[in-house]
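Written below as structure tokens is the structure these notes are about.
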Amino acid sequence: MWRALEGRLGRELARDIALVCLADGIVGLSFGAITVGSGLPLWLPVLMSVVVFAGASQFLFVGIVAAGGNPVAAVAAGLLVNSRHLPFGFAVADLLSGSRSRWLAGSHVMIDESVAFALAQRGTGRSRSAFWACGLALFVCWNLGVLLGAFGGSAVTDTAAFGLDAAFPAVLLALVLPSLRERETCRAALAGAAIAVAASPFLAAGLPVLLGLLGMLALKRGRP
Amino acid sequence: MSALTLVVATVVLGVGTYGFRCAGPLLRSRVTLSAELERLMAAAAVVLLTALVATATLVQGHGFAGFARLGGVAVAGVLAWRRAPFVLVVIAAAATTAVLRLLGVP
């Protein structure tokens, strides 16, 4: 399978995706272990990772529920964090066109990393391959990690010690940088980032990033 | 909290998230967008991802995430800007942050 993937994506891209899968697999391991360690049932992280498949919202949900919070509040917080998938969906919709089953399945593996990998490629064909390869591989690795973590216990609960919390933004930054070399997009992106960070102390998780879309106003309109 | 409550909450979160995810592709299978609008959609995704990079780097909860993480991502940013290989960028970020923490940087 690796050979086929390598042939299709090229060695470099296949390797890059594999690294992200490894890092996210370890984070998944910690998600499983932390959830079970906080007294929640074994099946919860496993079910959640298959059904929701969005790391940040899963951590948030479990954090609220484990602290004795209201489940409605936990769902609302998770949905807020995941709302960015709505604009993501419009950006990558083209890559999922084709048969009905294709966009039905493709939508579920739409996550930050698969969107970022797709946007970093030149040409629709390559973007499409990158999106699917990253999305499917991450789905497998994330769920495998969570499963192992839930059953294996507390071997990896402190991903901060490995600096893995820095790996996630680093992955996205590396993938988004080529797009930022275009000046106008860069200006909008920097404005959006500033807005999101400035709003973070005051708003619930998820909202600041969404608010960052206001950075789009920095784009010149009606330009040819 | 009962098991049933947890299952229902998980499924609602999953279905809601899937709703966000499939709205774009669903709409696109019915409507075609102008090239200009498509360009805007791609730019919007870049803006969102950049905002996500910024908050994931700087913010934990509602406060500052600490200098160790910021240091790691900054190293990654410089390396990526200089077109270093992706694998190096990501490993350097994690390693820098881990070493900074080992040295007692918050």
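The values are calculated or read from the model by the stated rules, or taken from the named source; none is laboratory data. Just so it is clear, the model here is predicted, and its values are computed rather than measured. Note that we place each Cβ from the backbone using ideal geometry, even for glycine, and neighbour counts take in every protein chain shown.
For B:L79, state whether it is closer than 27 Å to A:L13 by Cβ, assigned to a helix (DSSP H, G or I) and touching a Lys or Arg at 6+ places or on another chain (Cβ under 6 Å). Criteria not met by B:L79. Selection of segment A:41-85 for residues being under 19 Å from A:V140 (Cβ atoms), assigned to a helix (DSSP H, G or I) and facing chain B (nearest Cβ under 7 Å) yields A:L47, A:M48, A:V51. Residues in segment A:185-205: is at least one within 18 Å of the chain's Cα centre (by Cα), at pLDDT below 95 and either buried (at least 17 other Cβ atoms within 10 Å of the Cβ) or not in a helix (DSSP H, G or I) (or both)? Yes, some residue in segment A:185-205 is within 18 Å of the chain's Cα centre (by Cα), at pLDDT below 95 and either buried (at least 17 other Cβ atoms within 10 Å of the Cβ) or not in a helix (DSSP H, G or I) (or both).
All but one of (1) within 8 Å of chain B (Cβ to nearest Cβ); (2) out of contact with any helix residue (DSSP H, G or I) (no Cβ under 8 Å at 6 or more places or on another chain) hold for A:R181; which doesn't? Answer for A:R181: the failing condition is (1). B:H62 satisfies every condition listed in (1) within 7 Å of chain A (Cβ to nearest Cβ); (2) within 25 Å of A:L22 (Cβ to Cβ); (3) out of contact with any helix residue (DSSP H, G or I) (no Cβ under 7 Å at 6 or more places or on another chain) except (2).
Considering every residue within segment A:118-131, establish whether at least one is part of a helix (DSSP H, G or I), under 17 Å from A:A56 (Cβ atoms), assigned by TED's automatic domain parsing to the domain that holds A:L13 and in contact (Cβ under 8 Å) with a residue 24 or more places away in the chain. It would help to see each step written out before you state the result.
Filtering segment A:118-131 down to residues part of a helix (DSSP H, G or I) leaves A:118-119, A:124-131.
Narrowing further to those that are under 17 Å from A:A56 (Cβ atoms): none.
For segment A:118-131, residues part of a helix (DSSP H, G or I), under 17 Å from A:A56 (Cβ atoms), assigned by TED's automatic domain parsing to the domain that holds A:L13 and in contact (Cβ under 8 Å) with a residue 24 or more places away in the chain: absent.
Within segment A:138-161, the set of residues being at pLDDT below 75 and loosely packed, with under 14 Cβ neighbours inside 10 Å comprises A:G153, A:S154, A:A155, A:D158.
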